[in-house]
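Structure, as structure tokens:
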Amino acid sequence: MAPTEHDHGAGVRTLRPVTEVEASPAEPVLEWDTPLFLMARAQYEQALPHADVSELVAERLSFPERAVIVSVPLRRDDGSVGIFPGYRVQHSTVLGPTKGGIRYDSEVSLGECAALATWMTWKCALLRLPYGGAKGGVRCDPRDLSPRELERLTRRFTSELVREIGPQTDIPAPDMATNEQTMAWMMDTYSMQRGHAVPEIVTGKPISIGGSVFRREATGAGVVMVAEQACRRLGYDLEGRSCVVQGFGNVGGVAASELHERGARVVAVADVSGGVHDERGLDVPALHAYVDEHGSLAGYDLCERITNEQLLELECDVLVLAAREDQLTEANADRVRTSLIVEGANGPTTIAADEIFAARGIPVVPDILANAGGVTVSYFEWVQDLGRLFWDRDEIRQRLSDKMSTAFDRVYSVAEDKGITLRQAALVAAIQEVAGALEARGIYP
Ligand code: NAD
């Protein structure tokens, strides 16, 4: 089915997919119109009526600016060659270069990258970082690739993207199945092609090549900073409160430690192997020591074992979601017994569950605010690399705390003024930020 053209008056005609197709993802009209991208756009369209932006600007921001698809040849360890599709989507360059992760996963597609790039635009704008959103990746099963194969894949993918990425155009970072080592390979490949070291091409690098202290802890620490502020708004202190954390990796593991250090009672945590529960409060450092030794929480038997489903339904003051998407849904939202939900993961609450929590009066601190600590310290890393001047841990932590706190207050006041949820308010605040810049710059030419 072909896209339709809408006339906005004054001779402005824009490309717009037809409405029936939006309701039926089986018939995409533009290549990125997959269910996930349509969900990102549905959230955007729900927030738009509260954002008070011109129709022209609203229309422009509903599409990514640019997308590339590459095919990446990989010489396998056995001598054969496999070809893997790779993607990079840049959603908006209105506020500055684009920024976003690179993931290696069998689900990577143009639509997934387009949705995640769009969310990155809102996240960066909400934190007032001078970036737009991007996302990219290679469709592959990373567990099927040896370390040498991952290195070759990363270096060739970086070479394929050399015209798209750059310290002033698009700055990648780690995401699912990519890490500091992947970023080091990307930085080295890009630098070799330029003829000199370019640390500012990626963030999330090892500290030895221009990475930032506190980057690894930044997302989990930021989650707890906003949780603390949200508790204060609800009229209590985080100290002594019961907290449940789903996910015990980079985000959840750090969040559990930060909660523990601030005197909160972490009563349950879980990873993919299941959960552990103790109403008196878990010994979080002992859990970390166990996971460091055994790889996961499996087999830890010094307290009650529970399933992930049970964990999400425990009675608690704060529920931190730091595992993956689609955890609170229409199926369990009625049974959740917490006063506050904080989204460390991306997309853990479905639109239907959101409506149930709004009706039940349970606030949800949304992902684009709660987990923005990671991209914020990535921004600090880029600034330090460009200036060739490095800050210490205390300075970074303080700057992160200031940014998270300002963004939280802004979201809270938009929610109160307009009588909308924190998620809608976060989107409204972010859209207004980008729209203001686009209004000022105008549509070129
Ligand atoms: P990670 O791989 O380090 O940790 C994920 C954790 O979740 C692991 O403990 C894993 O065992 C657990 N898990 C997976 N499936 C689960 C399930 N069904 N039930 C319970 N636990 C499960 O990943 P991470 O970096 O901590 O990322 C977690 C989430 O946070 C993702 O949604 C990611 O996109 C988001 N996020 C991460 C960052 C960052 O800086 N790392 C920044 C922003 C958002």
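In loop segments of region 171-271 as defined by DSSP, the GluC sites (Glu not before Pro) with at most 13 further C-beta atoms inside 10 Å of their C-beta are Glu239. Under the criterion of Cα pairs below 8 Å and six or more residues apart, the relative contact order for the chain equals 14 percent.
Here the residues Cys243, Cys303, ranked from fewest to most Cβ neighbours within 10 Å of their Cβ, fall in the order Cys303, Cys243. Modelled spin-label separation between Asp402 and Ser62, with each label point placed 7 Å from Cα along the Cα-to-Cβ direction: 3.9 nm.
About its Cα centre, the chain has a charge dipole of approximately 1240 debye under the convention of +1 per Lys or Arg Cβ and -1 per Asp or Glu Cβ, with nothing else charged.
Chymotrypsin sites (Phe, Trp or Tyr not before Pro), restricted to region 166-236: which are DSSP loop and have at most 16 other Cβ atoms within 10 Å?
Listed in order of number, the matching sites are Tyr236.
With neighbours defined as other Cβ atoms within 10 Å of a residue's Cβ, the residues Ile207, Ile201 order from fewest to most as Ile207, Ile201.
For the chain, the number of Lys pairs separated by eight or more positions or lying on different chains, with C-alpha atoms closer than 14 Å, is 4. For region 24-178, the equivalent ellipsoid built from the Cα gyration tensor has semi-axes of 30, 17, 12 Å, listed from largest to smallest. Hydrodynamic analysis of region 149-222 uses the Kirkwood radius over alpha carbon pairs. Inserted into Stokes-Einstein at 10 °C and 1.306 mPa s, it gives a translational diffusion coefficient of 127 µm²/s. Region 362-421 and region 292-321 have Cα centres spaced 28 Å apart. For region 187-288, trypsin sites (Lys or Arg not before Pro) meeting the loop criterion (DSSP other than H, G, I, E, B) and having at most 14 other Cβ atoms within 10 Å: Arg280. Near Leu161: Cβ cut-off under 13 Å, other residues only, Lys/Arg at +1 and Asp/Glu at -1. The net charge is +3.
What does the net charge come to around Leu150 if you take all other residues with beta carbon closer than 15 Å to its beta carbon, with K and R at +1 and D and E at -1?
Residues near Leu150 contribute 0 overall.
Starting from the Kirkwood Rh over alpha-carbon pairs, what translational D in µm² s⁻¹ does the chain have by Stokes-Einstein at 10 °C and 1.306 mPa s?
Answer from the Stokes-Einstein relation: 70 µm²/s.
Listing Ser71, Ser378 from fewest to most neighbouring C-beta atoms within 10 Å gives Ser71, Ser378.
Each reported figure results from applying straightforward, stated rules to the coordinates on display, with no laboratory input. None of the values given here were measured: they were computed from a predicted structure. With ideal geometry, Cβ positions are generated from the backbone for all residues, glycine too; neighbour counts draw on all protein chains shown.
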